[in-house]
Amino acid sequence: MRTSAGRFQRALDRFISDIGKPVAVAAAYFVGAEIAFFIGTLSDRIFAPFWPPNIVLFCALVLVPPRRWWLYILAAFPAHVIAELGIGMDIWQLLVAFATNVLVAVVNAAAMQRFVGEPPWFCDVRKTWLYVLITALASPAVVGLAGAFVPILGGGLLEDFGVHWTQWFASNSLASLALGPLVLILLADTSLPSVPALRTIEAVVIGAALVVVCTVAFEVSAGTFESGFLPALLYSPLPLILWSAVRFGSRGASGAILIVSAVLIWRALNGPSLFIAGDPETNVFALQVFLISLAIPVILLGAAVEQARRAERTTRDSEEQISFAATSANIGLWQHNLITGDFWATDHCRSMFGLPANAALNWEAIGNAVHADDRDMLKDAMRTAIYGSMPAECEFRVVLAGGETRWMAARAHAAHDDEHGPVQLSGLVADITERKTAEHQIEMQRRELAHLTRVSVVGELSGAIAHELNQPLTAILANAQASQRILAKDAPNLADVASALDDIEQASSRAGEVISRVRRLLRKSESRFELVDVNELFRSTLKLLHSELIARRISVSLDLAENLPMAIGDPVELQQVLLNLVMNASDAMSSIATRKRLLSLTTRTTEEGFVEGVISDQGRGLAPDQQGRLFQPFYTTKEHGLGLGLSICSTIINSHGGDLRIINNESGGARAVFVLPAHKAMAAAQ
Amino acid sequence: MTEGGFTVFLVDDDADVLKALARLLRASGYDSREFATPQDFLREHDASLPGCAVFDVVMPDLDGLELQQALTASGVERPVIFLTGRGDIPTSVRAMKAGAVDFLTKPVNADAFLAAIDHAREQESREREARAEVVSFTARLATLTPRERQVLGHVIAGRLNKQIAYDLGTVEKTIKVHRSRMMEKMGVRSLAELVRMAERAGIQAQHY
C-alpha cells in the first residue's frame with residue numbers, strides 16, 4: 001500500500017512539475033494581459049503601451065531547455081485566447097497576435113541562451129548590455145515587422161504600418177526593460193544575498209516614495225505646460241531611482257524602473273495629458289521613449305553596482321579565506337606600505353608577536369617583541385627584502401609577555417614601481433617553534449650519540465692512551481728519583497738536578513696534553529663552531545693514536561698541504577671523525593702483512609675552495625655490496641663493531657656542510673675523503 | 001762508577017723516557033748507552049761489553065720481543081729487561097719464556113728498576129763466570145794426554161778404577177796414576193767438582 005501510495009505521490013509530483021509550471025506561466029500570462037488592460041490600452045483597444053505577457057513567456061522559455069518550450073507555448077495559448085476575447089478581438093487578429101507574441105519570446109529566449117549564457121545575467125555589465133541589445137532593441141525591432149500587422153488585420157491602415165511598428169516595438173522594448181530584469185532576477189538569480197529587514201523597509205519606502213513622486217509629478221505637471229518646468233518635474237523621480245540602483249543593485253534598478261513605468265503609463269492613459277501633442281498615442285509614445293532611454297542607463301548602472309559589489313565581496317571572501325587559511329596554518333600575514341608607512345597585519349600575526357588587535361603597528365613594536373639577540377638579524381633581512389631583488393627570509397625568536405620564547409620564520413618581499421622603487425613590503429610569519437624544538441631534539445640526540453661513540457672510541461683506545469700517559473709519567477718518576485739519588489750524594493751535581501727538573505716540567509705538560517686531548521673527546525658540551533686548522537687536527541689525532549698505530553704495526557705517511565685554509569666547525573666532533581676514519585683504516589689493514597700496513601693522510605684545497613682530508617689505507621678495499629650501506633646505522637663488517645662509527649662521521653660532516661665518501665683506491669685499499677667548507681675570509685686570502 | 005765494567009743498554013723510542021732512565025742509571029752508578037730505535041741498537045751496540053739490555057716493548061718497526069730474538073739470533077747472550085706501558089699478560093709471559101730477566105710496567109719505580117738491573121747484573125756475572133770456568137776447563141782439557149782424556153770420560157761416568165782398568169785393558173794401579181795426574185791437570189779437588197765442570201763444558205760421560 002505504502003509503495004503504491006509513494007509511487008502515486010511521485011507521479012503526482014512529476015505531473016505538477018511537468019504541467020504545473022506551464023500552467024503557472026499561463027496564469028501569469030493571463031494576469032499580465034489583464035494588468036496591461038487595467039493600466040490601459042491605446043485608443044484602438046489593442047495595443048497596450050506596456051505589455052507584460054510577452055515578457056512572462058520569454059522569462060519562462062529562457063529558463064527551460066528549448067525542447068520543453070512547446071509545453072509553455074501550448075499552455076499560454078488558452079490564456080491568450082481568453083484574455084483577448086475578453087476585449088473582443090476577432091479570431092484572426094488574435095491568432096496573429098499570439099504568433100507574434102510567441103515569436104518575440106522565442107527569439108529573445110533563443111538569443112539569450114545562445115549569446116548570453118547562464119544566469120545570473122544582471123551582475124555583469126557586459127551581459128546586461130547584451131540583454132538590452134537583444135530583448136529591448138534587436139528582437140522587438142525585427143519581430144515588430146510582423147507584429148505591426150495585428151492592428152492592420154483589425155482594420156488599421158497599411159499606410160500606418162510605420163506607426164504600428166513603432167508602437168509594437170516601444171511596447172515590447174519597454175516591457176523587456178521594465179519587467180524582464182526583475183522577473184529574471186527573482187526567478188533565476190539565487191546567488192543574491194538575502195536582504196536584512198531594515199533594507200526591506202528601505203526598499204518599500206523607496207518604492208512608495210517613487211509611486212507618490214511619480215503621481216504628484218504627473219498631476220502637477222499638467223498645470224505647468226506653459227511654465228516650462230515640465231522637464232524638471234519629469235526628472236524628479238531620478239534621485240530615488242538612482243538611490244534604489246546604488247543601494248540595491250540590479251534589483252533596485254529594475255524595480256524602480258518598473259514602478260516608474262507602470263505609474264507614468266497609467267497616469268498618462270488615465271490622467272491629464274502630459275505632453276503638448278494632444279492625442280494619447282503620441283503622448284504615450286513620447287513617454288515610452290522617455291522611459292526606454294531612462295531605463296537603459298539605470299539598468300546598466302544597477303548591473304555595474306552589482307558587479308562592483310560582487311567583485312568587492314569576492315575580494316573580501318578570498319581575503320577572508322586566505323586569512324583563515326593562514327591562521328589555520330599558524331601563519332601571520334602582514335603588509336607595510338613604504339610610502340605612507342601604513343602597517344597592516346592579520347589578527348593572528350599580531351597575536352604571534354603578542355600585540356593586541358588594536359595596538360599601533362610599527363617596526364618599533366615588532367622589534368620590542370623580538371629577542372634582543374635577533375633584532376639586528378631581522379632588521380638586516382628586511383633591508384635585504386627592500387633593497388635586494390630576492391625575497392628575504394630569516395628565523396628569529398619572539399619573547400611573549402609571559403616570558404615564553406617562540407621561534408618564528410619570516411619571509412618578506414618588496415613590490416617595486418618604476419617611479420618610487422620599493423613601495424610596499426609584504427610577507428608572512430610562521431611559528432616554527434615545534435620544528436625548531438624537534439630539530440633541537442634531533443641535534444641533541446645526534447650529539448648524544450656522537451658523544452657515546454666518542455666515549456666508546458676512547459674505551460677502545462684506553463690501552464694506547466694509558467701508554468701515551470705512561471711515557472711522560474715514566475720520565476717524571478725516573479727524573480725525580482734520579483734527582484733524589486743525586487742529592488743524596490756527598491757532592492751532588494746540582495746542574496744535573498736542575499736539568500732533571502726541566503725534564504720533569506716538560507714531561508708533566510706532555511702528560512697534561514694527553515689528558516686534555518682525552519678530556520676534550522669525552523667532554524659533552526654545546527657545539528661550538530670555531531676556526532679549525534685541519535692540518536693541526538690531523539697532527540693531534542696522530543698524537544692520540546701514536547702508540548695504537550705502533551702497536552698495530554702501521555706506518556704513517558703524512559702529507560699536509562701548506563696554506564690550507566681554515567675550516568669552520570666543532571674541533572671535537574671533527575677530531576672524532578678523524579679518529580674514527582683512522583681507526584677504520586687501521587682495522588682494514590689488520591689482516592695484511594705488517595710491512596704493507598701504510599696509512600697515508602693528506603690534506604689539500606680543492607678547486608672549489610673546500611678543505612679536503614684523505615685517509616687512505618692499503619687494506620682489502622670495499623666489497624661492491626658494502627659500498628651503498630657503509631653509512632647506514634648499525635651496518636658493520638667488524639666482529640665487535642656497533643656499526644655507528646661511519647654513520648656518525650657522515651652525520652657530523654654533513655652538519656658541517658661538508659661531505660664524506662669512502663671509495664676504493666686504484667692501487668688497492670680504500671680511502672675516506674671528506675670535504676669541509678673553508679672559512680671565506682681565509683680562503684679569499686689564499 | 002764503572003763497577004766491574006757493567007753497561008746498561010737502553011732502547012726506547014721515547015726520547016724523554018730514554019733520557020730520564022739514563023739519568024737515573026747514572027745517578028745510581030751505572031753506565032748506560034741509549035738507543036732511540038732497535039735498529040740503532042743492533043747496529044751500534046758493543047756485544048763485548050759486559051752489561052744488560054732494557055727494551056721498551058712497544059716500538060715502531062721492531063718491538064722489544066722481536067729485538068730480543070734478533071739479538072739472540074746474532075749470537076749475543078745478554079740479560080734483557082722489558083719495560084712496557086701496557087702490561088698485558090700474554091706479552092709478559094712470552095717475554096719471560098724467551099728468557100727475560102724481568103718484565104716491568106711503566107712508570108717504573110727506581111728501586112724495582114735497579115733491583116732488576118742488579119739481578120741482571122748478577123745473572124750476567126754468574127754467566128760470565130760460568131763461561132770463564134768453561135773456557136779454562138776446556139783449556140785444561142787440552143793439556144790431557146789421550147789416555148788421561150779417556151780416563152776422564154770414564155770417571156765422570158761414575159766407573160770405579162777397577163772397572164776402568166778392565167775396560168781399557170790395563171791394571172788398576174796404572175789407572176790410579178792417570179787419574180790422579182788428570183785430576184791435577186784439571187785443577188779439581190773432588191770428583192763432584194769434575195763432574196759439574198764437565199757437565200757445564202758439555203763433555204759427555206763414557207757409558208758402556
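Hey, can you rank A:561-567, A:256-262 by average C-beta count inside 10 Å, highest first?
A:256-262, A:561-567
Peptide A:487-493: average number of partner chain Cβ atoms within 10 Å per residue?
Partner-chain Cβ atoms within 10 Å, mean over residues of A:487-493: 1.
For segment A:578-631, what is the largest minus smallest coordinate of the Cα atoms on each principal axis, given in angstrom and ordered from greatest to least?
Extents along the principal axes: 37, 28, 18 Å.
In peptide A:495-503, how many Cβ atoms from other protein chains are near each Cβ within 10 Å, on average?
Partner Cβ neighbours, averaged per residue: 2.
Expressed in whole Å with the largest first, what are the equivalent ellipsoid semi-axes of segment A:329-431 derived from the C-alpha gyration tensor as the square root of 5 times each eigenvalue?
Calculated on Cα positions only, the semi-axes equal 23, 15, 12 Å.
Run through the DSSP bridge list for the protein assembly as shown and note the antiparallel percent, rounded to the nearest 5.
70 percent
For segment A:91-159 and segment A:381-417, compute the distance between their C-alpha centroids and round to whole Å.
One Cα centre to the other: 64 Å.
If I take the Cα coordinates of chain A and project them onto the principal axes, what are the three extents in Å, biggest first?
Between the extreme Cα coordinates on each principal axis of chain A lie 164, 64, 55 Å.
In square nanometres, what is one fourth of the surface area of the convex hull spanned by the alpha carbons of chain B?
Computed as one quarter of the Cα hull surface, the answer is 14.5 nm².
Using the Cα centre as the reference, give the magnitude of the dipole from point charges on the C-beta atoms of chain A (Lys, Arg: +1; Asp, Glu: -1; all else neutral), rounded to the nearest 20 debye. Show your work: numbers first, answer last.
Values: 54 positive and 65 negative charges, 415 e Å.
Dipole size: approximately 2000 debye.
For peptide A:543-550, compute the average count of partner chain beta-carbon atoms within 10 Å of each residue's beta-carbon.
Across A:543-550, the average partner-chain Cβ count within 10 Å equals 2.
As a test of the formula, what do you get for chain B when each DSSP H run with n ≥ 4 contributes -39,500 (n - 2.57) and the sum is divided by the residue count, at 222 nm and rounded to the nearest 500 deg cm²/dmol?
About -18000 deg cm²/dmol.
Along the charge dipole of the protein assembly as shown, pointing to its positive end and built from +1/-1 on Cβ of Lys, Arg, Asp and Glu, which listed residue (A:A359, A:G669, B:G202) has its Cα farthest out?
So the residue we want is B:G202.
Sort B:T145, A:T346 so that the residue with the fewest other Cβ atoms within 10 Å of its own Cβ comes first and the one with the most comes last.
Starting with the residue having the fewest Cβ neighbours, the order is B:T145, A:T346.
Any lysines with Cα under 18 Å of the B:K173 Cα? List them, leaving off those in the same chain fewer than 8 positions away.
B:K162
Could you pull out every residue, at least 5 positions away or on a different chain, whose amide H is within less than 5 Å of the one on B:V54? Hs are placed 1.01 Å off N in the peptide plane, and Pro or chain starts have none.
Residues meeting the amide H criterion: B:F9, B:L10, B:V11, B:I81.
Pick out which of B:P90, B:P50, B:P38 has the largest mean-square fluctuation in a Gaussian network model of chain B, springs linking Cα atoms closer than 10 Å.
Comparing B:P90, B:P50, B:P38 in the GNM, the peak value goes to B:P90.
Based on other C-beta atoms within 10 Å, arrange A:K436, B:K19 from fewest to most.
A:K436, B:K19
Where does each of A:506-514, A:31-39 land if you order them by average Cβ count within 10 Å, highest first?
A:31-39, A:506-514
Over all Cα pairs of segment A:528-686, how is the pair count split among 10 Å bins, expressed in % and running from 0 up to the last occupied bin?
11, 41, 36, 11, 1
Where does chain A land at 222 nm, in deg cm²/dmol rounded to the nearest 500, when only DSSP H runs of n ≥ 4 count, each adding -39500 (n - 2.57), divided by all residues?
Result for chain A: -20000 deg cm²/dmol, rounded to the nearest 500.
Where a number appears in this text, it was derived from the coordinates with a stated rule and is not lab data. Just so it is clear, the structure is predicted and the values come from calculations on it, not from any experiment. We place every Cβ from the backbone using ideal geometry, glycine too, and count neighbours over all the protein chains shown.
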